[in-house]
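Novice: Have a look at this one before I ask anything.
The values are calculated or read from the model by the stated rules, or taken from the named source; none is laboratory data. Given the structure is predicted, the values throughout are model-derived calculations rather than measurements. A quick note on method: Cβ atoms are made from the backbone with ideal geometry, for glycine too, and the neighbour counts reach across all protein chains shown. Accessible surface areas use protein heavy atoms only, side chains included; no ligands, DNA or RNA. Shrake-Rupley method; radii C 1.70, N 1.55, O 1.52, S 1.80 Å.
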Amino acid sequence: MYQQITHDQFTLSYRIYGDGPEVLIAFHGFGCDATDFEAFEPLLKEKYTIYAFDLFYHGESPAPDEDFPPANPSVMAHMIEKLLWKDKRVKFSILAYSLGGRIALCLVQKLPHRINEVFLVAPDGLKKEWHEDFVARTFVGKMIYKRLINHPKTFFSLINFFVSIKVIHPKLKQFIELNLDSVDKRQKVFNTWRVFRHMRPDLSVVAHYINTKSIRLELFFGKYDQIIQPKLGNRLHKRVKRRSKLHLLETGHQLLTKAEEISKVILKR
């Protein structure tokens, strides 16, 4: 059963899994929703109450009006603080996958005093995505992408060419095609990039708070992931001193299928 939290013009829906004494806020990846964390309930329910959110344009969360300004780290931080206040909680931990990782990193910057642990699974936000900024932040980028939404043939031909000259890995091609193979999916990509275009974590600030606030950090990457490659983990891992560990799992980008392995690390002190 879904509940909702609202701040200013923005509303997010969330599901609750488990009833443990500690709070675990969960953010899913692009094209997914809160139900992805259902597999973690039997594994973590004794320790955590999991609040799994549907991000904007995903699941049951209402779509923001296009005239609204994009969400920023302060919006997300206010929503989490309202949730904590509502349920009489003080501190929380975060479990975030892919796109959700960017949200998690921004929350570390905004609410470091409230965070106990951060579990990042193939997290977005570890490097600047020039193509996303071009589309979401520039007039020319928006015009080009709006044409792509309804006329994708040239784009897919270009992707096939890049694969043929080994600029793009076939696994990345599959990921792109999976997320752009319909008008609705292509529109969702545009909407998601637009609404989150101000969610840009500063890794030096994130690392500073992890170090000074003694926040536990666990990084999980798929050994064969071509979407968010394991080497990106070093961008944050090397900045953090003793509280960070990097785990390589025998999988590609679909790391949440490894819920049992991830949960064993989460429960290990």
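Novice: Is there a residue being under 20 Å from SER263 (Cβ atoms) and of a type in the set (Lys, Arg) anywhere in segment 36-54?
Specialist: So the first thing to find is which residues in segment 36-54 are under 20 Å from SER263 (Cβ atoms), and the list is 36-53.
From the residues that got through so far, the ones that are of a type in the set (Lys, Arg) too are 45, 47.
Yes, segment 36-54 has at least one match.
Conditions (1) open to solvent by 30 Å² or more (accessible area, probe 1.4 Å); (2) on the phi < 0 side of the Ramachandran plot; (3) of a type in the set (Lys, Arg); (4) modelled with pLDDT under 90, marked per residue:
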site: GLY18; (1), (2), (3), (4): no, no, no, no
site: ILE25; (1), (2), (3), (4): no, yes, no, no
site: HIS28; (1), (2), (3), (4): no, yes, no, no
site: GLY31; (1), (2), (3), (4): yes, no, no, yes
site: GLU38; (1), (2), (3), (4): yes, yes, no, no
site: GLU41; (1), (2), (3), (4): yes, yes, no, no
site: TYR48; (1), (2), (3), (4): no, yes, no, no
site: ASP54; (1), (2), (3), (4): no, yes, no, no
site: PRO69; (1), (2), (3), (4): yes, yes, no, yes
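Novice: Restricting to segment 189-211, count the residues that are assigned to a helix (DSSP H, G or I) and in contact (Cβ under 8 Å) with a residue 12 or more places away in the chain. Steps first, answer last, please.
Specialist: Going residue by residue through segment 189-211, those that are assigned to a helix (DSSP H, G or I) are 189-195, 203-211.
In the following step, the residues that additionally are in contact (Cβ under 8 Å) with a residue 12 or more places away in the chain were identified as 189-195, 203-207, 209-211.
Qualifying residue count for the region: 15.
Novice: Residue under question is PHE56, and the condition is that it be touching a residue at least 40 places away in the same chain (Cβ under 8 Å), over 14 Å from the mean Cα position of the chain (by Cα) and farther than 15 Å from LEU83 by Cβ; does it hold?
Specialist: Details: touching a residue at least 40 places away in the same chain (Cβ under 8 Å): yes; over 14 Å from the mean Cα position of the chain (by Cα): no; farther than 15 Å from LEU83 by Cβ: yes.
No: the conditions fail for PHE56.
Novice: Let me ask something else. Name the single residue, out of those in segment 1-16 being among the aliphatic types (A, V, I, L, M) and touching a residue at least 40 places away in the same chain (Cβ under 8 Å), that is surrounded by the fewest Cβ atoms within 10 Å (Cβ to Cβ).
Specialist: Start the filter on segment 1-16 by keeping residues that are among the aliphatic types (A, V, I, L, M), which leaves 1, 5, 12, 16.
Next, from what is left, pick out any that are touching a residue at least 40 places away in the same chain (Cβ under 8 Å): 5, 12.
Working: ILE5: 19, LEU12: 26.
Applying the filter and picking the extreme gives ILE5.
Novice: Within segment 71-96, count every residue that is at pLDDT 90 or above and assigned to a loop (DSSP other than H, G, I, E, B).
Specialist: 1
Novice: Looking at HIS253 and the list (1) free of Cβ contacts under 8 Å to residues at least 12 places away in the same chain; (2) not in a helix (DSSP H, G or I), which single condition is not satisfied?
Specialist: (1)
Novice: Can you name every residue in segment 97-111 that is part of a helix (DSSP H, G or I) and open to solvent by less than 10 Å² (accessible area, probe 1.4 Å)? Lay out the reasoning, then the answer.
Specialist: Taking segment 97-111 first, the residues part of a helix (DSSP H, G or I) are 99-110.
GLY100, GLY101, ARG102, ILE103, ALA104, LEU105, CYS106, LEU107, VAL108, listed by residue number.
Novice: Give VAL189, VAL183, VAL206, VAL163 a once-over and let me know the one that is among the hydrophobic types (A, V, I, L, M, F, W, C), buried (at least 19 other Cβ atoms within 10 Å of the Cβ), touching a helix residue (DSSP H, G or I) at 6+ places or on another chain (Cβ under 8 Å) and modelled with pLDDT under 85. It would help to see each step written out before you state the result.
Specialist: Working: VAL183 fails: buried (at least 19 other Cβ atoms within 10 Å of the Cβ); VAL206 fails: modelled with pLDDT under 85; VAL163 fails: buried (at least 19 other Cβ atoms within 10 Å of the Cβ).
Just a single option satisfies the conditions, and that option is VAL189.
Novice: Any residue at all in segment 212-222 that's over 19 Å from VAL108 (Cβ atoms) and crowded, with 20+ Cβ neighbours inside 10 Å? Walk me through it before giving the result.
Specialist: First pass over segment 212-222, keeping only residues over 19 Å from VAL108 (Cβ atoms): 222.
From what is left, the residues that are crowded, with 20+ Cβ neighbours inside 10 Å are 222.
Scanning segment 212-222 turns up at least one residue that is over 19 Å from VAL108 (Cβ atoms) and crowded, with 20+ Cβ neighbours inside 10 Å.
Novice: Counting only residues that are surrounded by fewer than 20 Cβ atoms within 10 Å (Cβ to Cβ) and either free of Cβ contacts under 8 Å to residues at least 40 places away in the same chain or more than 18 Å from LEU256 (Cα to Cα) (or both), how many does segment 223-239 have?
Specialist: Count: 10.
Novice: Do we have ALA26 as under 20 Å from VAL118 (Cα atoms), under 17 Å from the mean Cα position of the chain (by Cα), in contact (Cβ under 8 Å) with a residue 60 or more places away in the chain and part of a strand (DSSP E or B) here? Please lay out each step first, then the result.
Specialist: Numbers: under 20 Å from VAL118 (Cα atoms): yes; under 17 Å from the mean Cα position of the chain (by Cα): yes; in contact (Cβ under 8 Å) with a residue 60 or more places away in the chain: yes; part of a strand (DSSP E or B): yes.
Considered against the rule, which asks whether it is under 20 Å from VAL118 (Cα atoms), under 17 Å from the mean Cα position of the chain (by Cα), in contact (Cβ under 8 Å) with a residue 60 or more places away in the chain and part of a strand (DSSP E or B), ALA26 comes out as yes.
Novice: Among the residues of segment 118-160, how many are more than 26 Å from PHE37 (Cα to Cα), of a type in the set (Asp, Glu) and either at pLDDT 70 or above or buried (at least 16 other Cβ atoms within 10 Å of the Cβ) (or both)?
Specialist: Counting residues in segment 118-160 that are more than 26 Å from PHE37 (Cα to Cα), of a type in the set (Asp, Glu) and either at pLDDT 70 or above or buried (at least 16 other Cβ atoms within 10 Å of the Cβ) (or both) gives 1.
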